[in-house]
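**Student:** Got a structure for you, written out below as structure tokens; questions coming shortly.
A short reminder: the numbers here are calculations on the coordinates, not readings from a lab. Everything numeric here is computed off the predicted structure, so don't read it as measured data. Quick reminder, even Gly has a Cβ in these numbers, built from the backbone with ideal geometry, and neighbours come from all protein chains shown.
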Protein chains: 2
Amino acid sequence: MEHHDHEHKHRKQIVNRLARIEGHLRSVKEMTAGGRDCSEVLLQIAAVQKALDKAAKLLLKDHLESCVVDAVLHGNQEKVLEDLNKALDNYIR
Amino acid sequence: MEHHDHEHKHRKQIVNRLARIEGHLRSVKEMTAGGRDCSEVLLQIAAVQKALDKAAKLLLKDHLESCVVDAVLHGNQEKVLEDLNKALDNYIR
């Protein structure tokens, strides 16, 4: 539950991506409620998953470039790397 | 872009799940905008992905139980199976 002070190059871009994915997911929900063909809904859910993968990748790159480099430079990388390893273990199954 | 007439057992449940995932994703977006720790955001994106996998699985089961069985009984399974195969190829990489 930590916040950090330093800037991330792509934060705004990631937030915009997540907003677009949210809109996409809303339309998938509406398609489903409207009885759209299951195969079509499945294709759209796959597209949402791919977009989330891309957002996560961008986030990870940002994190490596800023937080991790920053932590290493300040000699306090232990917790940052531990948290990141945990998140990666969870993300990439 | 086809709609179908027959009922799906879990449609309402799938729509509810998608609505919950949409809310979850909105909060992930807000966490990101608020500068929450990247590892924490990554964990939440992974949770959204898992929830989407579950929704897709439920959708698929519904589809098999209703559309596919229905199509086979009416002897017009070719298109339904072709679409489903395409969707599965896309969904499961």
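**Student:** Out of the residues in segment A:60-92 meeting the condition of being under 15 Å from B:Gln49 (Cα atoms) and more than 7 Å from chain B (Cβ to nearest Cβ), tell me which one is surrounded by the fewest Cβ atoms within 10 Å (Cβ to Cβ).
**Tutor:** A:Ile92
**Student:** Can you confirm whether B:Arg20 is at the interface with chain A (Cβ under 9 Å from one of its Cβ atoms) and either among the charged types (D, E, K, R) or touching a Cys at 6+ places or on another chain (Cβ under 8 Å) (or both)?
**Tutor:** No: the conditions fail for B:Arg20.
**Student:** Okay, next question. Test of understanding: among A:Leu25, A:Leu42, which residue is assigned to a helix (DSSP H, G or I), touching a Phe, Trp or Tyr at 6+ places or on another chain (Cβ under 6 Å) and facing chain B (nearest Cβ under 7 Å)?
**Tutor:** Step by step, each of A:Leu25, A:Leu42 is checked, and only A:Leu42 is assigned to a helix (DSSP H, G or I), touching a Phe, Trp or Tyr at 6+ places or on another chain (Cβ under 6 Å) and facing chain B (nearest Cβ under 7 Å).
**Student:** Another question, then. Does A:Asp89 satisfy being in a helix (DSSP H, G or I), touching a residue at least 60 places away in the same chain (Cβ under 8 Å) and among the acidic types (Asp, Glu)?
**Tutor:** So A:Asp89 fails the test.
**Student:** Any chance you could count how many residues in segment B:32-59 are surrounded by 20 or more Cβ atoms within 10 Å (Cβ to Cβ) and of a type in the set (A, V, I, L, M)?
**Tutor:** Within segment B:32-59, residues that are surrounded by 20 or more Cβ atoms within 10 Å (Cβ to Cβ) and of a type in the set (A, V, I, L, M) number 8.
**Student:** Pick out the one residue from A:Asp53, A:Asp62, A:Asp70 that is touching a residue at least 24 places away in the same chain (Cβ under 8 Å), among the acidic types (Asp, Glu) and closer than 23 Å to B:Ser27 by Cβ.
**Tutor:** The unique qualifying residue is A:Asp62.
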